[in-house]
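K.L.:
Can you read through this structure? Questions will come right after.
The values are calculated or read from the model by the stated rules, or taken from the named source; none is laboratory data. Everything numeric in this text was worked out from a predicted model, so none of it was measured. Neighbour counts run over all protein chains shown; Cβ positions are idealised from the backbone, glycine included.
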Amino acid sequence: MMKKKYGLIGYPLGHSFSKDYFNKKFSSECIDAEYINFEIKTVDELKFVLRENPDLCGLNVTLPHKMNVIPLLDRVTDNARNIGAVNVIKFIRGKSGKLILEGHNSDITGFKQSIEPMLNETHRNALILGTGGASKAIYHGLKQLGLDCLFVSRTKEDDSSITYEEITPEIINDYTVIVNTTPLGMFPNTNSCPDIPYENLTTNHILYDLIYNPDETLFMKKGKLYGAEVKNGLEMLLLQAFISWEIWNSTLP
């Protein structure tokens, strides 16, 4: 039997967690498979990845392709379509040999399972820093957990968002959950962080950073300085990877 092949599309991929995780899993569990990084600048290059790797069994999708990969797929789950982003592609091969690409989103489930134990009844409102592909999953995850959300971006997009300059002490007081979905602070640019008034944070605040390299970002360090509870995105990634594996190997239609 031919070795199964899985992979990740995105750009850049030097920081990728998935390759090491899955190849260690395959080795430790004696699974005859390999996981490869496909670093593609534009999502249009996906067709070359598929052509050159006919034995692919599944893909993960990361920045900057989570949203613009959707039109290239044959079908998308309701969850992923509502979020507007895909981070798992399931490969379905019909009896005729036709390949069907099905888009899923495992970010939402991984995030919910990771942050839910941190929440209490005082955590009613959340600021989501950034408006990229990951932010949409975070928004839907927090809404499902009962929180009202407000996006923060560099430029005002609509009534559901504000700019960083518009974050007042009152807003920080009301929005006790703050999730960073931007790449600010990611290795190697570890001296950067989102521009929020950290001095207004309290011990009742949660700062959750989707970044996992470094382990403790400047965003998290500043939060801890004012007593906030902080967490990075590693557990979410582990949960997301586990869910990806379940999606790829599910026999359900």
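K.L.:
Pairs only if they're at least six apart or on different chains, beta carbon under 9 angstrom, first in the stretch 210-230 and over 27 Å from Ser18 (Cβ atoms) and without any contact (Cβ under 8 Å) to a residue 60 or more places away in the chain, second among the hydroxyl-bearing types (Ser, Thr, Tyr) and surrounded by fewer than 16 Cβ atoms within 10 Å (Cβ to Cβ); list them, first residue then second.
P.N.:
That search, which allows pairs on different chains as well, returns Tyr226/Thr202; Tyr226/Thr203; Gly227/Thr202; Gly227/Thr203; Ala228/Thr202; Ala228/Thr203.
K.L.:
Would you point out the residue of the stretch 152-162, among those that are over 18 Å from Leu201 (Cα atoms) and in a strand (DSSP E or B), that is nearest to the chain's Cα centre (by Cα)?
P.N.:
The selected residue is Ser153.
K.L.:
Quick test of your reading of the structure: Glu102 fulfils all but one of (1) over 26 Å from Glu246 (Cβ atoms); (2) acidic (Asp, Glu); (3) touching a Lys or Arg at 6+ places or on another chain (Cβ under 6 Å). Name the failing condition by number.
P.N.:
Of (1) over 26 Å from Glu246 (Cβ atoms); (2) acidic (Asp, Glu); (3) touching a Lys or Arg at 6+ places or on another chain (Cβ under 6 Å), only one is false for Glu102: (1).
K.L.:
Determine which member of the set Asn87, Asn125, Asn60, Asn68 is polar (S, T, N, Q), more than 30 Å from Ala228 (Cβ to Cβ) and touching a strand residue (DSSP E or B) at 6+ places or on another chain (Cβ under 6 Å).
P.N.:
Residue meeting the stated conditions: Asn60.
K.L.:
Let me ask another. Can you pull out the residues in the stretch 42-63 that are surrounded by fewer than 18 Cβ atoms within 10 Å (Cβ to Cβ), closer than 19 Å to Ser244 by Cα and modelled with pLDDT under 95?
P.N.:
Correct list: Asp55, Leu63.
K.L.:
For Asp209, are the conditions met, namely being touching a strand residue (DSSP E or B) at 6+ places or on another chain (Cβ under 7 Å), closer than 30 Å to Ile89 by Cβ and of a type in the set (D, E, K, R)?
P.N.:
yes
K.L.:
Here are some conditions: (1) aromatic (Phe, Trp, Tyr); (2) buried (at least 16 other Cβ atoms within 10 Å of the Cβ); (3) not in a helix (DSSP H, G or I). Phe219 meets all but one. Which one does it not meet?
P.N.:
So the condition that Phe219 fails would be (3).
K.L.:
Right, another one. If the requirement is being modelled with pLDDT of 95 or more, closer than 16 Å to Ala137 by Cβ, in a helix (DSSP H, G or I) and not assigned by TED's automatic domain parsing to the domain that holds Pro64, which of these qualifies: Ile243, Ile172?
P.N.:
Selected residue: Ile243, the only one of Ile243, Ile172 that is modelled with pLDDT of 95 or more, closer than 16 Å to Ala137 by Cβ, in a helix (DSSP H, G or I) and not assigned by TED's automatic domain parsing to the domain that holds Pro64.
K.L.:
Another question, then. Among the residues of the stretch 6-41, count how many are surrounded by 14 or more Cβ atoms within 10 Å (Cβ to Cβ) and either assigned by TED's automatic domain parsing to the domain that holds Met186 or under 22 Å from Met236 (Cβ atoms) (or both).
P.N.:
Residues meeting the conditions: 19.
K.L.:
On the basis of being at pLDDT 95 or above and in the same structural domain as Gly146 (by TED's automatic domain parsing), does Asn125 make the cut?
P.N.:
yes
K.L.:
Assuming Thr251 fulfils every condition listed in (1) of a type in the set (Val, Ile, Thr); (2) over 22 Å from the mean Cα position of the chain (by Cα); (3) part of a helix (DSSP H, G or I) apart from one, which condition is it?
P.N.:
(3)
K.L.:
From the list Lys112, Lys95, Lys136, Lys90, which one is surrounded by 14 or more Cβ atoms within 10 Å (Cβ to Cβ) and not assigned by TED's automatic domain parsing to the domain that holds Ile211?
P.N.:
The match here is Lys90.
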